[in-house]
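One structure is given here, and the rest of the page talks about it.
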Amino acid sequence: MPIVLTIARTEARRIFVSPLAWTVLAVLQSILGVVFLLLILDYAQNPRGPESSVGLSDYIGGGLYSFATLVLLLVMPLLTMRLFAEERQNGNLTLLLASPVSLIEIVLGKFLGLFSFIAATILLLAAMPLMLLVGSNLDLGRIAAGLLGLSLMMMALGAAGLYVSSLTREPTIAAVASFGLLLMLWLMQVLSSQPGWIGKLLGYLAIVGHFENLRRGIFSSVDIVYYLLFTVLFLWLAVLQLDSERN
Amino acid sequence: MAHEFLIEARGLSRRYGSHTAASDISLSLRKGEILGLLGPNGAGKSTTMKMLAGVLAPSAGTVMINGVSLADDPKRAKQSLGYLPELPPVYPELTVDEYLRYCASLHGLRRSERAAALQRAKQSCGLSEVSRRLIGNLSKGYQQRVGIAQAIIHRPAVVILDEPTVGLDPIQILEIRRLIKALGQEHGVILSSHILPEIQAVCARVMIIHRGRLVYAEPLATAGSEGFKTIIAGFLRMPAFDVLLSLPGVGEIETLAGSQIRITVNNAGDDPRAAIAEAAAAHGWGLIELHAERRTLEEIFVELSTGDAHTLEEAA
């Protein structure tokens, strides 16, 4: 297994020496900063009493994080397109393919490398609400649940993007296609309002729905398992894809 | 681990849909041997090398690397392999040192061995002065050298180089040739090229691939050393053919452009050159050129690759 970590370390380094990751983080932080500010102003102008059911952590943390899901949906494909599609185009994917390393190790290594970017995003997203600790009582459990949900969702988005990236040699196609796939998964949430079993099924499959509970501070193992299964499924599909390409 | 052959490939074929990129290619490589794969562009050299390097699975056939099957135990087989693909597989955003250190650990070199391996590879490929530069900022020639360094850093038993001197300047080409020759002493090297002199300069054995098939496989020494059938002679004044024809060994005479003639000898062992020179001196023909026409690798190459081009034209 140490080879996975070696790959992950180099992948992480490659993400963070490229201007793309920093640009993405900067834009992300600016947009979410504005949203955060708007939420605070709104909260300050309409103060809710202590008996209100919506607290500061809920309103600001929850509001910020649910907006973040949409932005992350737009951003993840930009990072995942590099993983395989761009490398295939540059010809440097061969380095890993010709090394004494299995495909599973390659995919896991790349995914863990991507996780370093997810971790950086989560840190930035944690910092904003935590600033409010200075003048208020935050429900840290809720914030933590929201952050856990966000990281799980980003892992799922990243795994799906990684799979799409393994299908093509054009980074732009990889980005557009994974954006399409993620948006579809997101749209299922809208369709889940349909009556009957279809609505139920779509509601279960929708990628955002499982985040809702965590955002509200409800830690349910179903949601955790959903994201983990989703991630493992797409990573496994990527391994199969790389294997079929060799043949 | 003493196996007679470092690489033993049998019946390698690769199809892409209905297109056959390589068919029934068998080759073997011993320790200390440099094998050249020669062929026009698109002949199937790269496909063959990809299959040998385990990047592409063959549609049929087997590859054994150092006695280990590439299909059954790819990890162990690939440990004895160093491969430079057509495009050097470098990461432009890393420095030369970072990249080569990564390659060393990918091939399972222990931390303690890495520094020495890095130093050695950089020295062999002339990269010492650019260690801390970003690969993306290096010239094409330097990137190619980084690619070669990557292939040899772990001292593999077999080194596969796909067109290693593309994009290099003449001095670098000489350096790389020297490097390949040095590698060929301890390792087995397979290199491909569509440039003849390159193969002639370094390889002991050559295989010509054309349209996905192996059409010629001989030690390089045999090309050119075999007997000759024709002699080219040049004169200032056209000689009398009847005098020439009376010389022993002379078969037919054909006039060529200028005042050259081509003389076909009667039997393979005949050598009428001395007699022709004497006759020319006696009759005052002004002999200015006299040499046996040997089949050089180039002629074999051109013959083999244009032979098929004719059938292609006929088919069209």
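Every read-out reported here was derived from the displayed coordinates using simple, explicitly stated rules and does not represent laboratory data. Note that the structure is predicted; figures quoted are calculated from it, not measured. Cβ sites come from the backbone with ideal geometry, for glycine too, and all protein chains shown count toward neighbours.
Between A:ILE198 and A:SER221, what FRET efficiency comes out of the Förster formula 1/(1 + (r/R0)^6) with R0 = 25 Å and r the beta carbon distance, rounded to 0.05?
About 0.50, to the nearest 0.05.
Computed about its Cα centre, the charge dipole of the protein assembly as shown is approximately 1720 debye, with only Lys, Arg, Asp and Glu carrying charge at their Cβ. Average 1/r across all pairs of distinct alpha carbons in region A:24-145, invert it, and you get the Kirkwood radius: 17.0 Å. With the charge dipole of chain A set up from +1 on Lys and Arg Cβ and -1 on Asp and Glu Cβ about the Cα centre, the Cα lying farthest toward the positive end among the listed residues A:LEU97, A:VAL71, A:PRO129 is that of A:LEU97. Reported to the nearest whole Å, the Cα centre-to-centre distance from region A:169-247 to region B:1-39 is 44. Given springs between every Cα pair under 10 Å in a Gaussian network model of chain B, which of B:TYR16, B:TYR99, B:TYR142 has the largest fluctuation? Per the Cα network of chain B with a 10 Å cutoff, B:TYR16 tops the list. Taking 7 Å steps out from each Cα toward its Cβ at B:SER246 and B:ARG111 produces label points 9.1 nm apart.
With the contact rule set at Cα under 8 Å and sequence spacing of 6 or more, what percent relative contact order holds for chain A?
Taking the mean separation of contacting Cα pairs over the length of chain A, I get 26 percent.
With helices as the sole contributors, chain B gives -11000 deg cm²/dmol at 222 nm; each DSSP H run of n ≥ 4 counts as -39500 (n - 2.57), and the sum is divided by every residue.
For peptide B:73-84, how many partner chain Cβ atoms fall within 10 Å of a residue's Cβ, on average?
3
Looking at the protein assembly as shown only, what percent of DSSP beta bridges run antiparallel? Nearest 5 please. The answer is about 70 percent antiparallel. Quick one: helix B:273-283 against the long Cα principal axis of chain B, what's the angle to the nearest 10°, folded into 0 to 90? Once rounded, one gets 40 degrees. Helices in chain A that qualify as membrane-span-like (whole DSSP H runs, Cα extent of at least 24 Å along the helix axis, mean Kyte-Doolittle hydropathy of 1.0 or higher) are A:19-45, A:63-81, A:103-130, A:140-165, A:171-191, A:221-246. Given a cut-off of 19 Å, name the pairs among A:LYS110/B:LYS45; B:LYS78/B:LYS140; B:LYS50/B:LYS78; B:LYS31/B:LYS75; B:LYS122/B:LYS181 whose C-alpha atoms lie farther apart than that in the structure shown. Violating the 19 Å Cα-Cα cut-off are A:LYS110/B:LYS45; B:LYS78/B:LYS140; B:LYS31/B:LYS75. Among beta bridges from DSSP that stay inside region B:5-224, the antiparallel ones total about 55%. Diagonalising the gyration tensor over the Cα atoms of chain B and scaling each eigenvalue by 5 before taking the square root yields semi-axes of 47, 23, 18 Å, largest first. Simple rule: put +1 on each Lys or Arg Cβ and -1 on each Asp or Glu Cβ in chain B, find the dipole, and look at B:LEU106, B:PRO248, B:GLY188; the Cα lying farthest toward the positive end is B:LEU106. One quarter of the surface of the convex hull around the alpha-carbon atoms of region B:101-236 equals 12.6 nm², the direction-averaged projected area. Every Cα-Cα pair of the protein assembly as shown was included, and the share exceeding 39 Å stands at 47 percent. According to the Cα-based calculation, Rg over Rh for region B:10-158 is 1.00, with Rh computed by the Kirkwood formula.
Here the spin labels are modelled as points 7 Å beyond Cα on the Cα-Cβ line, and at A:TRP22 and A:GLU212 they lie 4.0 nm apart.
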